[in-house]
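Peer 1: My structure is below; once you've seen it, I'll send some questions.
Please treat every number below as a calculation from the coordinates, not as lab data. If you're wondering where the values come from, they're calculated on a predicted model, not measured in any experiment. All Cβ positions, even for glycine, are placed from backbone atoms using ideal geometry, and neighbour counts span all protein chains on display.
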Amino acid sequence: MMKFPGYSLISSFTPFHCIILKKQRRLSALDLSFNNPTKSRRTLSVCATKQQLHNINTQIEMGGQQYRPPLFSVAPMMEWTDTHYRTVARIISKHAWLYTEMLAAETIVYQQENLDRFLAFPSEQHPIVLQIGGNNLDNIAKATQLANAYGYDEINLNCGCPSAKVAGHGCFGVRLMLDPKFVGEAMSVIAANTDVPVSVKCRIGVDDHDSYNELCDFIYKVSSLSPTKHFVIHSRKALLNGISPADNRRIPPLKYEYYYALLRDFPDLRFTINGGIDCVDEVNAALREGAHGVMVGRAAFNNLWSTLAHVDSAVYGVPNSGLTRRKVLEQYQVYGDAVLGTYGNNRPNIRELIKG
């Protein structure tokens, strides 16, 4: 492991969860601070400059399209963030970045005759990120090539899933953090087979490999060996001793100080924070502390309306659209009527469209 004697945790940092507004309070006035990711040194100031405000409202170009920056994104969640969920999420928020469920590279390769079922999505779901998983470079390359036709805006490699099926028997997901050289090679393969940006979603460590120096080693090697400039950091380590994925989202403590130290120590990279953030007030608190972007997971599914309805106005500063829950249901009904049974054998069915 490469040593980073100059890297240390931020000892004076006050975690943003200690200063967030209480959830019961009304959303505060627009909070639009955003640090320039190429800035030579990071400060954890809560003061937003005019240039930072401009950066938030400046659209970025990806794949020939222009979108607002990924200040807010919905996490990839197996069996949750399917195309039906993403459709209703996009009805509510026009600017949140959406991630697919993790798709194994092998699934994409072996389902070449049935790819629409796994990869197709309505154009309204942009901006959207495809997350893939796997540990075979040939299959990762082929999966990336096959996905190109669908026009995703970014491709993300899963290096954070702790489930026994993925990290255990499958030997990918968070287990890949133990082999940063391979991850760098995989990211190079993905980048070589697509024209869109690439990114990695990972934890801050695995089992006893949980020091800040080891996290820096992972980030340094992956970004040095590949064009990867964006990392989504789930600020918990993963435990691979048989505990469930749900317990892995609860038992290992959150260490946001690791995330904010990465901002300081890798000023040329972009980092999105994930883990334990479940309302827009907390999203804006993290952005005030200097986060480049914030990813929300279960709250964006379990509390769909209360989480997403304020994203466009409170995070992106877009005037309120006047959308109501009734209008959301009416628009989603139109979608549901159009897709029922389109895959044959009564798939998708009503249960799949309204799960949760």
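Peer 1: When ranked by the protection proxy of mean other Cβ atoms within 10 Å per residue, highest first, what sequence do the peptides 331-343, 283-295, 141-153 form?
Peer 2: Output ranking for 331-343, 283-295, 141-153: 283-295, 141-153, 331-343.
Peer 1: Amide H of Q131 versus every other amide H placed in the peptide plane: which residues, excluding those fewer than 5 positions away on the same chain, fall under 5 Å?
Peer 2: For Q131, whose amide H was placed from the backbone, the distant partners under 5 Å are T100, L103, N156.
Peer 1: Moving on to the next point. Compute the FRET efficiency between D208 and N349 as 1/(1 + (r/R0)^6), taking r as their Cβ-Cβ distance and R0 = 51 Å, and round to the nearest 0.05. List each step's numbers first, then the result.
Peer 2: Numbers: r = 45 Å, r/R0 = 0.89.
After rounding, the FRET efficiency stands at 0.65.
Peer 1: Of all chymotrypsin sites (Phe, Trp or Tyr not before Pro) in the range 203-277, which ones are in loop regions per DSSP and have a Cβ with at most 16 other Cβ atoms within 10 Å?
Peer 2: Passing both the DSSP loop test and the Cβ count: no residue.
Peer 1: Using a Cα-Cα cut-off of under 14 Å, which aspartates and glutamates could be cross-linked to K94, ignoring same-chain neighbours fewer than 8 residues away?
Peer 2: Once the sequence-local aspartates and glutamates are set aside, what remains near K94 is E124, D312.
Peer 1: Neighbour counts of other C-beta atoms within 10 Å: give me I140, I354 arranged from fewest to most.
Peer 2: On the way: I140 27, I354 11.
Ordered from fewest to most neighbouring Cβ atoms within 10 Å, I140, I354 come out as I354, I140.
Peer 1: Same structure, new question: Taking the Cα-to-Cβ direction at N302 and at D195 and moving 7 Å from each Cα, how far apart do the two end points lie in nm?
Peer 2: So the label points at N302 and D195 sit 4.2 nm apart.
Peer 1: Report relative contact order for the range 68-322 in percent, whole number only (criteria: Cα-Cα under 8 Å, sequence separation at least 6).
Peer 2: Over the range 68-322, the number comes to 19 percent.
Peer 1: Shifting gears a bit: Can you tell me the length gained on complete extension of the stretch K94 to Y150, counting 0.36 nm per residue apart and subtracting the Cα distance?
Peer 2: Extending this stretch completely gives an extra 18.2 nm.
Peer 1: Kindly flag which residue pairs out of K221/K355; K142/K327; K201/K355 have an alpha-carbon separation exceeding 30 Å in this structure.
Peer 2: K221/K355; K142/K327
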